[in-house]
Amino acid sequence: MRKNFEKYAELLLVRCLGLQEEKRPLLISAPVKAIDFLEVLTHKAYELGLTDIYFDFEDEGLKHEQLTHLGKEDLLNSPFWNKKIFDEYAKKDAAFLMLYSDDIELMKDVEEEKITWTSYQFRASRPLYKKKQSTDEVPWCIAIVATEGYAKKVFEGEENALEKMWDAIFQCCLITEENPIQAWNQKVEKIQKRADLLNQMRFQTLHYQNQLGTDITIGLPYHHLWKGAGEKGIVNMPTEEVFTSPDYQKINGRICSSRPLVYGSSLIEDFAFEVRDGKIISVEAKKGKEILEGMIQSDQQACYFGEVALVDYDSPISNMHRIFYETLYDENASCHIAIGDGFPTCYEGGEKMTREELLEKGINHSTIHTDFMVGTPDLKITGTTWDGKEYVLFENGNFVLKSE
């Protein structure tokens, strides 16, 4: 285990954040119950020559106690949701490593309205960080660590859940390879080739259809850009996606979730949205409808979309045939779409534009950005280019587009 911890730490700090070449302050947000890995990670960070490291420790048990007993005013002052420390480190152009491990079973008895409200406060309390993150001004990375509560949900009813969870993380992140960094360099190259092909095609619309009930047409700005895992850094570990931002006003139809969504440590299942001119006009959900409704009412633009991402149903994570109850992993097993904020870097010259200018170009701006999964084994996506040509991008859940 120690050897794999060391390889994982090196992957995150060196390949994902680039801290071997560029020494920066580092903010690590992580569950305190993953202390065994955090000690290895910290040792590696000091070996790389970092001296300013801030630990933003999380604890699901303490979060639950606060959500159960405190009112909004007191919760607003809690460091679990008031993340102004992120802005302090953003001023220093720090690197940010967010390590997640939600215990969703623990939050079952918490009021849904509190879940939605605190999740909004979490994002709204760090505006400078969000600005620098969205324009890639600071290196950042999101990854998963194993804790007992999270592992028992993913491997429910199985023995040695914690060990199995770590094994799954190592497999998904290519830690089992002899040289994980080299393996990720090769993977990034393949992902970038797909993004390059999509940028050459210059699609105007994407039409999604499956038997689950999804039938939606998504418009794209003329100057949109498809992105993948970066050559310099990797923001999601692991990643399988290519993604862009849609024109938030040009989306029409019905879209259905294909996997559960965890939001603020609360579970949302079997949901669908009706969308007209980009705006979500109705919400259905077997579980968590109130959370979804609160989410899309977070601000004026939260009811619009900010991302479309393409992932093969036959991806390595999907082929593990397991729900991870963590968007980072589940979104890399499925095509997905995000409610809320779009990406300035997914529009030509967008990183130099104001938010108002980006809105005029069709790139949404919101305090939230919530991915949900829509990929299925029968998903078909048909693209129409700006010169009226039609191509099939996805057939039977997988990418089939070839260069001409």
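The values are calculated or read from the model by the stated rules, or taken from the named source; none is laboratory data. Keep in mind it's a predicted model, so treat the numbers as computed, not measured. Cβ sites come from the backbone with ideal geometry, for glycine too, and all protein chains shown count toward neighbours.
If the requirement is being more than 22 Å from the chain's Cα centre (by Cα), surrounded by fewer than 17 Cβ atoms within 10 Å (Cβ to Cβ) and within 22 Å of W184 (Cβ to Cβ), which of these qualifies: E88, E47, E65?
E47
Could you please find all residues in the stretch 118-130 being modelled with pLDDT of 90 or more and either in a loop (DSSP other than H, G, I, E, B) or surrounded by fewer than 20 Cβ atoms within 10 Å (Cβ to Cβ) (or both)?
S125, R126, P127, L128, K130, listed by residue number.
Being part of a strand (DSSP E or B) and either farther than 20 Å from V242 by Cα or aromatic (F, W, Y) (or both) is the filter here; which residues of the stretch 350-389 pass it?
Passing the criteria: only F372.
Look at the stretch 15-44 and say how many of its residues are crowded, with 17+ Cβ neighbours inside 10 Å and not hydroxyl-bearing (S, T, Y).
19
Checking the condition outside any strand (DSSP E or B) and either among the β-branched types (V, I, T) or over 23 Å from S245 (Cβ atoms) (or both), which residue from Q186, Q133 passes?
Being outside any strand (DSSP E or B) and either among the β-branched types (V, I, T) or over 23 Å from S245 (Cβ atoms) (or both) holds for just one of Q186, Q133, which is Q186.
Taking the stretch 366-404, which residues are of a type outside the set (S, T, Y), on the phi < 0 side of the Ramachandran plot and touching a Leu at 6+ places or on another chain (Cβ under 6 Å)?
Of everything in the stretch 366-404, those that are of a type outside the set (S, T, Y), on the phi < 0 side of the Ramachandran plot and touching a Leu at 6+ places or on another chain (Cβ under 6 Å) turn out to be F372, I381, G383, L393, F394, L401.
Among the helices (runs of 4 or more DSSP H) confined wholly to the stretch 5-89, which include 2 or more residues that are over 30 Å from V110 (Cα atoms)?
It comes to 35-47.
Just one of (1) closer than 26 Å to W81 by Cβ; (2) more than 12 Å from the chain's Cα centre (by Cα); (3) not in a helix (DSSP H, G or I) trips up V392, so point out which.
Only one criterion is unmet by V392, namely (1).
Could you check the stretch 212-235 and list, in sequence order, the residues that are crowded, with 18+ Cβ neighbours inside 10 Å and assigned to a strand (DSSP E or B)?
Of everything in the stretch 212-235, those that are crowded, with 18+ Cβ neighbours inside 10 Å and assigned to a strand (DSSP E or B) turn out to be I216, I218, G219, H224, K227.
So which residues in the stretch 199-211 are more than 16 Å from K380 (Cα to Cα) and not in a loop (DSSP other than H, G, I, E, B), if there are any at all?
Result: N199, Q200, M201, Q204.
Name the residue, out of D136, D93, D167, D109, that is under 23 Å from K352 (Cα atoms), of a type in the set (D, E) and out of contact with any helix residue (DSSP H, G or I) (no Cβ under 7 Å at 6 or more places or on another chain).
From the options D136, D93, D167, D109, the qualifying one is D93.
Pull out all pairs, ordered by first then second residue, where Cβ-Cβ is under 8 Å, the residues are six or more apart or on different chains, the first lies in the stretch 353-364 and is over 18 Å from Q204 (Cα atoms), and the second is outside any helix (DSSP H, G or I).
Final answer for the pair search is M353/Y347; R355/H365.
For the stretch 320-338, check the following and say yes or no: at least one residue is in contact with a helix residue (DSSP H, G or I) (Cβ under 7 Å, 6 or more places away or on another chain), over 29 Å from V283 (Cβ atoms) and small (G, A, S).
No - not one qualifying residue is present in the stretch 320-338.
So which residues in the stretch 249-276 are assigned to a loop (DSSP other than H, G, I, E, B) and within 28 Å of V188 (Cα to Cα)?
Once the filter is applied, which keeps residues that are assigned to a loop (DSSP other than H, G, I, E, B) and within 28 Å of V188 (Cα to Cα), the stretch 249-276 yields S257, S258, R259, P260.
Any chance the stretch 295-310 includes a residue that's closer than 28 Å to Y222 by Cβ, buried (at least 22 other Cβ atoms within 10 Å of the Cβ), of a type in the set (D, E) and modelled with pLDDT of 95 or more?
yes
Mind telling me which of the residues G213, G228, G219 ends up being more than 30 Å from Q300 (Cβ to Cβ) and in contact with a strand residue (DSSP E or B) (Cβ under 8 Å, 6 or more places away or on another chain)?
Answer to the selection: G228.
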